[in-house]
Amino acid sequence: MKTVLFANSTWAIPLMLQLHQKEVLKGIVSVANASEANHQINSFARTSNIPIINVIDDQLQTDLKVWLEDISPELAICLTFPFRIPYEILSIP
């Protein structure tokens, strides 16, 4: 099942690793900040060749929507993501 993970904390790393191991992790959504957790998430995505997008709140209905439509996930998991995800994002088939 093509899965996208919304994450912004080291708490999400065990789940991220498990999804990757099961070969279902097709993308990661994180926030555009310079935290240590974000650095670890970005580093993992880069070395594992997993698409990642780092967003600010204003990009949720624009850049993120286009990015998700390209990936077309079957499942999205939100763990430690700080922004309210708009209906337009949740309703993407």
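Summary table below
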read-out: Rounded accessible area per residue of the chain, 1.4 Å, Å²; value: 59 Å²
read-out: Correct option for Rg/Rh (Cα atoms, Kirkwood Rh) [calculated from the coordinates] among [x] 1.21; [y] 0.92; [z] 1.23; value: [y]
read-out: Highest-fluctuation residue, 72, 30, 48 considered, GNM on the chain with Cα pairs under 10 Å; value: 48
read-out: Trypsin sites (Lys or Arg not before Pro), loop per DSSP, at most 10 other Cβ atoms within 10 Å - longest free stretch of the chain; value: 23-83
read-out: Anchor residue 65: lysines whose Cα lies under 20 Å away (excluding residues fewer than 8 positions away in-chain); value: 2, 26
read-out: Sparsely packed GluC sites (Glu not before Pro) within region 1-69, loop by DSSP, other Cβ within 10 Å at most 10; value: 23
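The values are calculated or read from the model by the stated rules, or taken from the named source; none is laboratory data. Not measured: the values here are computed from a predicted model. Note that each Cβ is placed from the backbone with ideal geometry, even for glycine, and that neighbours are counted across all protein chains shown. The accessibility values were calculated without ligands, DNA or RNA, using every heavy atom of the protein model including side chains. Shrake-Rupley method; radii C 1.70, N 1.55, O 1.52, S 1.80 Å.
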